[in-house]
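S.K.: Handing you a structure now.
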Amino acid sequence: METTGIRVRFAPSPTGPLHLGGVRTALYNYLFARKNNGKFILRIEDTDQNRFVPGAEDYIIKSLQWCGLEFDEGVIQGGPYAPYRQSERSDIYKDYIQVLLDKGHAYMAFDTAEELEDARNKLPQSHEQFQYGINTRMQMKNSLSLPADEIRSRIERGDRYVIRILIPENQTVHFHDLIRGEVNVLTDALDDKVLFKSDGLPTYHLANVVDDYLMKITHVIRGEEWLPSAPLHLLLYRFFGWEGSMPQFAHLPLILKPDGNGKLSKRDGDRLGFPVFPMEWNDPGTLEISHGYKEDGYLPDAFINMLALLGWNPGTEQEIFAIDELVSAFSLDRINKSGAKFDPLKARWFNHKYVQLKSDTELYSYLGPILIKNCITADSEYVLKVIALIKERVELLPDLWKNSSLFFRAPEAYDKQVKQKIWQEGTSSLLEEFAAIVSSLKIFDKDNLHSIVEDFIVKKKIKTGKLMNPLRLLVVGSNQGPGMMDIAVMLGKEEFLRRIFNGIKNI
Ligand code: GLU
């Protein structure tokens with residue numbers, strides 16, 4: 001099929017693990033690219049060396065691989081616009097900052113950290129209100145305010161300087177955001193952001209715009225937190241003379257805390273017991289280990305399906321979407337403007353649905369290694385039957401083992417609280433009597449078991465619970481698990497009886 005020329009990029013900075021909001025941004029870019037037969041590109045924005053975190057790039061790549069979001073171009077795949085890691089493109093940015101200097105759209109600023117701090121302190125207002133820009137730049141130490149000979153001598157003696165954008169006065173920047181609609185900003189509200197640092201590397205703003213242009217990006221789909229930077233980016237396109245090939249912008253709504261009060265953070269996850277990262281993250285600085293969806297037992301398709309609906313809606317009641325269905329249903333105009341509340345229970349709900357869609361054999365591939373780890377050898381036909389029986393109770397993958405272990409090993413202990421509640425004088429002999437009837441059964445199936453239980457409780461004039469509760473305690477070790485008859489038939493007569501007799505002895 002012919003391509004439409006649509007090119008989108010996911011452009012994370014490797015400053016830490018990928019938050020689920022970041023995965024959603026990558027996902028929407030992916031869906032948009034696939035839907036339009038375009039290209040999906042991974043660009044690593046690593047020009048801020050102070051915030052570089054070892055392992056973060058690798059983590060981002062592996063997480064997106066787990067999610068099944070494959071890139072067409074990027075740091076691994078390469079591509080026609082390589083390199084895709086900004087730290088390997090520093091020469092390119094030097095040329096472009098020179099263009100801005102030559103055109104008078106940028107200037108050198110020599111202010112030291114102390115001088116900037118002084119300027120902030122001199123203001124009657126609080127720190128936040130200091131803006132290096134239209135109203136203050138002439139009082140600062142830069143190539144606009146200093147005499148030419150001082151500038152020259154500062155450069156000659158090797159003074160460090162940054163390069164700032166020269167924000168023009170009294171202009172409006174206007175653009176149409178594909179999600180937010182019209183955005184109009186007066187340039188007077190903008191500050192002279194640093195474009196190039198004294199370490200010889202560009203800041204995010206310059207590198208991002210230059211690369212989007214050079215990589216022929218047609219749509220910039222990114223988080224709402226970048227909306228305030230968009231006017232600055234627009235000015236850069238204008239100054240470079242690239243307005244004609246400027247990408248279209250789509251700023252995605254925030255993912256909110258479950259109660260809707262503010263942006264979802266890692267702390268919310270810790271507090272409420274759900275992961276905010278796709279995979280487990282071992283922080284190299286703090287050594288803290290954070291949970292991941294993968295390790296907690298979520299299926300990648302379920303995770304992706306859940307994220308897709310967190311801020312986008314298909315316009316129908318449909319909730320379960322295979323990735324191909326997402327691709328064909330997706331469109332930017334169905335992305336909501338307002339923030340999306342994250343619902344951890346809904347995430348589990350999706351996973352439960354996806355587990356139910358898996359075949360027993362597929363689930364075997366998750367349970368098999370756990371059986372091996374627990375030194376359990378079992379006939380595969382038996383394992384498959386167990387899976388079929390417990391599947392409905394599996395929400396997260398570890399529930400497979402939690403719900404099936406009773407079929408592979410007899411209880412080693414008996415729940416004390418349950419015992420206290422249900423075990424009485426005469427319970428042991430009642431169960432022995434029942435076991436004797438079971439052992440005389442020729443055909444050990446559900447129907448026969450049902451009828452001997454019925455006969456037994458009528459004969460003994462007891463309620464069903466009086467027999468079944470202690471029976472379950474002996475066979476399972478607790479009051480949990482699927483139907484008692486299902487358990488009995490699955491275990492087989494011999495094992496069922498063995499557990500009853502052992503239980504009576506040990507309880
Ligand atoms: N490097 C930025 C980030 O980490 C990219 C923002 C953008 O997509 O323009 O979010």
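The values are calculated or read from the model by the stated rules, or taken from the named source; none is laboratory data. Owing to the predicted nature of the structure, the values given are computational and were not obtained by experimental measurement. Every residue, glycine among them, receives a Cβ derived from its backbone with ideal geometry; neighbour counts consider all protein chains shown.
S.K.: If we scan region 447-461, do we find a residue that is on the phi < 0 side of the Ramachandran plot, out of contact with any helix residue (DSSP H, G or I) (no Cβ under 7 Å at 6 or more places or on another chain) and polar (S, T, N, Q)?
M.R.: Yes, because at least one residue in region 447-461 is on the phi < 0 side of the Ramachandran plot, out of contact with any helix residue (DSSP H, G or I) (no Cβ under 7 Å at 6 or more places or on another chain) and polar (S, T, N, Q).
S.K.: How many residues are near the ligand (Cβ under 9 Å from one of its atoms) and out of contact with any Phe, Trp or Tyr (no Cβ under 6 Å at 6 or more places or on another chain) when one looks only at region 210-227?
M.R.: 5
S.K.: Next up: Got a sec? Which helices (runs of 4 or more DSSP H) wholly within region 373-437 have at least 1 residues that are within 13 Å of L474 (Cα to Cα)?
M.R.: The helices (runs of 4 or more DSSP H) meeting that bar are 416-422.
S.K.: Would a scan of region 66-74 turn up a residue that is modelled with pLDDT of 95 or more, part of a helix (DSSP H, G or I), more than 28 Å from L232 (Cα to Cα) and out of contact with any Phe, Trp or Tyr (no Cβ under 8 Å at 6 or more places or on another chain)?
M.R.: yes
S.K.: Is it fair to say P247 is within 13 Å of the ligand (Cβ to nearest atom) and loosely packed, with under 14 Cβ neighbours inside 10 Å?
M.R.: Judged against the criteria, P247 is not a match.
S.K.: For R238, which of the numbered conditions (1) under 26 Å from the mean Cα position of the chain (by Cα); (2) among the basic types (K, R); (3) surrounded by fewer than 16 Cβ atoms within 10 Å (Cβ to Cβ) fails to hold?
M.R.: If we test R238 against (1) under 26 Å from the mean Cα position of the chain (by Cα); (2) among the basic types (K, R); (3) surrounded by fewer than 16 Cβ atoms within 10 Å (Cβ to Cβ), just (1) comes out false.
S.K.: Okay, next question. Criterion first (crowded, with 19+ Cβ neighbours inside 10 Å, in a helix (DSSP H, G or I) and over 26 Å from the mean Cα position of the chain (by Cα)) does L195 satisfy it?
M.R.: no
S.K.: Moving on. Do we have any residue at all in region 178-187 that's touching an Asp or Glu at 6+ places or on another chain (Cβ under 6 Å), farther than 19 Å from Q131 by Cβ, more than 14 Å from the ligand (Cβ to nearest atom) and not charged (D, E, K, R)?
M.R.: yes
Conditions (1) over 17 Å from R238 (Cβ atoms); (2) among the hydroxyl-bearing types (S, T, Y); (3) loosely packed, with under 11 Cβ neighbours inside 10 Å, marked per residue:
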site: Q129; (1), (2), (3): yes, no, yes
site: D159; (1), (2), (3): yes, no, no
site: I163; (1), (2), (3): yes, no, no
site: H176; (1), (2), (3): no, no, yes
site: T187; (1), (2), (3): no, yes, no
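S.K.: Give region 203-223 a look and list any residue that's touching a residue at least 60 places away in the same chain (Cβ under 8 Å) and either in contact with a Leu (Cβ under 6 Å, 6 or more places away or on another chain) or β-branched (V, I, T) (or both), or say none.
M.R.: Within region 203-223, T203, L206, V210, I217, T218, V220, I221, G223 qualify.
S.K.: Further, regarding this structure: What residue, of G200, G260, is more than 16 Å from the ligand (Cβ to nearest atom), under 20 Å from D102 (Cβ atoms), surrounded by fewer than 21 Cβ atoms within 10 Å (Cβ to Cβ) and in contact (Cβ under 8 Å) with a residue 12 or more places away in the chain?
M.R.: G200
S.K.: Could we say that A230 is among the hydrophobic types (A, V, I, L, M, F, W, C), free of Cβ contacts under 8 Å to residues at least 60 places away in the same chain and within 12 Å of the ligand (Cβ to nearest atom) here?
M.R.: Yes: the conditions hold for A230.
S.K.: Six or more apart or on different chains, Cβ under 8 Å: which pairs go from a residue in region 376-396 that's surrounded by 15 or more Cβ atoms within 10 Å (Cβ to Cβ) to one that's part of a loop (DSSP other than H, G, I, E, B) and of a type in the set (S, T, Y)? Could you list them?
M.R.: From region 376-396, the pairs are L396/Y298.
S.K.: Condition test on A56, is it within 14 Å of the ligand (Cβ to nearest atom), in contact with a Ser or Thr (Cβ under 7 Å, 6 or more places away or on another chain) and modelled with pLDDT of 95 or more?
M.R.: yes
S.K.: Among the residues of region 300-318, how many are surrounded by fewer than 21 Cβ atoms within 10 Å (Cβ to Cβ) and assigned to a loop (DSSP other than H, G, I, E, B)?
M.R.: 7
S.K.: Right, another one. Quick check on H205: is it within 16 Å of the ligand (Cβ to nearest atom), under 29 Å from Y59 (Cα atoms) and crowded, with 21+ Cβ neighbours inside 10 Å?
M.R.: no
S.K.: Would you confirm whether or not region 153-163 contains a residue that is in contact with a helix residue (DSSP H, G or I) (Cβ under 7 Å, 6 or more places away or on another chain) and either modelled with pLDDT of 95 or more or not in a strand (DSSP E or B) (or both)?
M.R.: yes
S.K.: Could you tell me how many of the residues in region 82-104 are surrounded by 17 or more Cβ atoms within 10 Å (Cβ to Cβ) and either outside any helix (DSSP H, G or I) or at pLDDT below 95 (or both)?
M.R.: Result for region 82-104: 3.
S.K.: Being of a type in the set (A, V, I, L, M, F, W, C), modelled with pLDDT under 95 and out of contact with any Phe, Trp or Tyr (no Cβ under 9 Å at 6 or more places or on another chain) narrows it down to one residue among L272, L254; which is it?
M.R.: Being of a type in the set (A, V, I, L, M, F, W, C), modelled with pLDDT under 95 and out of contact with any Phe, Trp or Tyr (no Cβ under 9 Å at 6 or more places or on another chain) holds for just one of L272, L254, which is L272.
S.K.: Sticking with this structure for a sec: For residues that are within 29 Å of the chain's Cα centre (by Cα) and either farther than 15 Å from L166 by Cα or assigned to a loop (DSSP other than H, G, I, E, B) (or both), tally how many sit in region 198-213.
M.R.: 10
S.K.: For region 105-120: of the residues being surrounded by fewer than 17 Cβ atoms within 10 Å (Cβ to Cβ) and in contact with a Phe, Trp or Tyr (Cβ under 9 Å, 6 or more places away or on another chain), which is modelled with the highest pLDDT?
M.R.: My answer is L116.
S.K.: Counting only residues that are more than 9 Å from the ligand (Cβ to nearest atom) and part of a strand (DSSP E or B), how many does region 1-53 have?
M.R.: 6
S.K.: Only one of L400, L406 is in contact with a helix residue (DSSP H, G or I) (Cβ under 7 Å, 6 or more places away or on another chain), under 22 Å from K294 (Cα atoms) and crowded, with 17+ Cβ neighbours inside 10 Å; which?
M.R.: None of the others qualify; the one that does is L400.
S.K.: A further question follows. Consider only pairs whose beta carbons are under 8 Å apart and that are at least six residues apart or on different chains; among these, list those whose first residue lies in region 105-122 and is in a loop (DSSP other than H, G, I, E, B) and whose second residue is aliphatic (A, V, I, L, M) and at pLDDT 95 or above.
M.R.: H105/I165; H105/L166; F110/L146; D111/M140
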